[in-house]
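Here the structure is laid out as structure tokens; the discussion comes afterwards.
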Amino acid sequence: MTRRLTACIAISLVVATLAFDLATESLNPFNAPAPIVLGSGKPGGGAFCGELPG
Amino acid sequence: MLLRRGSLTLAAAALVAAVSIFVGLRYGLLLAVGLGFGLVLEGLRFGFAGPWRAMILHRNPAGLLGQLLAIALVAIVALPLLAVRGDELSGAQGPIGWAMAAAAFFFGMAMQVLLACGSGTLVNAGSGNPVGLVSLPFFALGSFFGAYHLFWWTGLGSLPPVTLTGLSGTAVTLAALALVAGILLLQASPDQRRLPRRIIVAAALLACLALLNLVVSGQPWGIVYGLGLTAAKSLNFAGMDLSGSTFWTTASSVDRLSDSILTDTTSLTNIGIVFGAFGVSAWRVDGLSQKLPRYQPKAWISMIIGGFVLGYCARLAFGCNVGAFFSGIATGSLHGWVWFAAAFGGAFIGVRLRPILGLEGAK
């Protein structure tokens, strides 16, 4: 067995995760935020590892 | 060969275009940034865990100096930018606390046992390293459970985030980075006191990508949150009740749990890193033809436990080598420095544990 197998398993897992996500959540590109936060006048709004929500 | 490389380029471009069209341009850009991270990290063999090991065992500071250079390059742009555009951009601030420091210590230890950090686990998985493949799902689970318990741990005692800002913050950060670099050079073997061109190029590219990440998403480069979010969504779908967790029941977490991961910044860059690393490995002539090593059972168990520890501790430490060390220091957060000191201490134990746990010399 070579790394080809493990790499393909990893890619398959990511693709499966994306497929699961697409099957369970709806996407609406018309609700998409500005392409770039800088200059948009609004904060990014994403979550970060250092975040302590509350 | 040409056909394979052409297909890889086309697949990457199609993926970015599809996300841009069906999800939004910002998300397509972030996926492209993630792909860039994967290409640089795997293509130029720029990592975090390996260079720390090289410094500890062989007094070779090149890789670690490269990390400091990349952080400095980001800090020079990011800190002044954050000072004037704080309404749009945010830094990687995290509170300093007992649990945070201890978690960083254990992260550093696990990082050396597996020879993979936050970004390294993703790169390893994409490039076919079995250690990365096995530890990645447990990293995600650890990140989920770390977030689940986060408020209990921070309740043990923590200070509010302390941030160096503006030009004075930039000057202090650069001086501190130069001081660490100086100490490393003093400790280095005399014949290893130079920085190879590959590392300088990688550090510069990584800094550019990290700044792009900041400008496009409004937040610094991170890894851990996205992994925990994916695990949380999967477990929630499987019927797990998250109402017992303060973290996962806050309004912002509930919103993110109901959104696609294709709209989550760190998830997108994480996906990009795995695909980017895979692309580089498939691009190389013998990139994926390397035989898989045979590991003892204790090594497989170490991969599972190590992956979980990495994820759990990264969440408690408010970031991994990327979110806390790289982005934390580059955006002036004091917790990045505490993370670095604690994790480097843990790394000294980790390098000694690695052979004991059967992860070294497997063929």
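Quick check on this structure: which one of A:Pro33, A:Pro29, A:Pro43 is touching a residue at least 12 places away in the same chain (Cβ under 8 Å) and at the interface with another protein chain (Cβ under 7 Å from one of its Cβ atoms)?
Working: A:Pro29 fails: touching a residue at least 12 places away in the same chain (Cβ under 8 Å); A:Pro43 fails: touching a residue at least 12 places away in the same chain (Cβ under 8 Å).
Just a single option satisfies the conditions, and that option is A:Pro33.
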Is it true that some residue in the range B:238-247 is assigned to a helix (DSSP H, G or I) and more than 8 Å from every other protein chain (Cβ to nearest Cβ)?
no
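Given the structure, is B:Ala140 in contact (Cβ under 8 Å) with a residue 40 or more places away in the chain and over 16 Å from the mean Cα position of the chain (by Cα)?
Details: in contact (Cβ under 8 Å) with a residue 40 or more places away in the chain: yes; over 16 Å from the mean Cα position of the chain (by Cα): no.
Considered against the rule, which asks whether it is in contact (Cβ under 8 Å) with a residue 40 or more places away in the chain and over 16 Å from the mean Cα position of the chain (by Cα), B:Ala140 comes out as no.
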For residues that are more than 7 Å from chain A (Cβ to nearest Cβ), of a type outside the set (Phe, Trp, Tyr) and over 10 Å from B:Gly126 (Cβ atoms), tally how many sit in the range B:273-289.
4
Return a yes/no flag: does the range A:20-33 have any residue that is touching a Ser or Thr at 6+ places or on another chain (Cβ under 6 Å) and assigned to a helix (DSSP H, G or I).
yes
For the range B:158-196, which positions are under 18 Å from B:Ile96 (Cβ atoms), away from every other protein chain (no Cβ under 14 Å) and not in a helix (DSSP H, G or I)?
B:Leu164, B:Thr165
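Which residue out of B:Leu211, B:Leu292, B:Leu205 is more than 25 Å from B:Arg5 (Cβ to Cβ) and surrounded by fewer than 23 Cβ atoms within 10 Å (Cβ to Cβ)?
Values: B:Leu292 fails: more than 25 Å from B:Arg5 (Cβ to Cβ); B:Leu205 fails: more than 25 Å from B:Arg5 (Cβ to Cβ).
Being more than 25 Å from B:Arg5 (Cβ to Cβ) and surrounded by fewer than 23 Cβ atoms within 10 Å (Cβ to Cβ) holds for just one of B:Leu211, B:Leu292, B:Leu205, which is B:Leu211.
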Any chance you could count how many residues in the range B:267-299 are in contact with a helix residue (DSSP H, G or I) (Cβ under 7 Å, 6 or more places away or on another chain), in a helix (DSSP H, G or I) and touching a residue at least 60 places away in the same chain (Cβ under 8 Å)?
16
Identify the single condition in (1) modelled with pLDDT of 95 or more; (2) within 8 Å of chain A (Cβ to nearest Cβ) that B:Ser253 does not satisfy, given that it satisfies every other one.
(1)
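The values are calculated or read from the model by the stated rules, or taken from the named source; none is laboratory data. From a predicted model like this one, the values you see are computed outputs, not experimental measurements. Quick reminder, even Gly has a Cβ in these numbers, built from the backbone with ideal geometry, and neighbours come from all protein chains shown.
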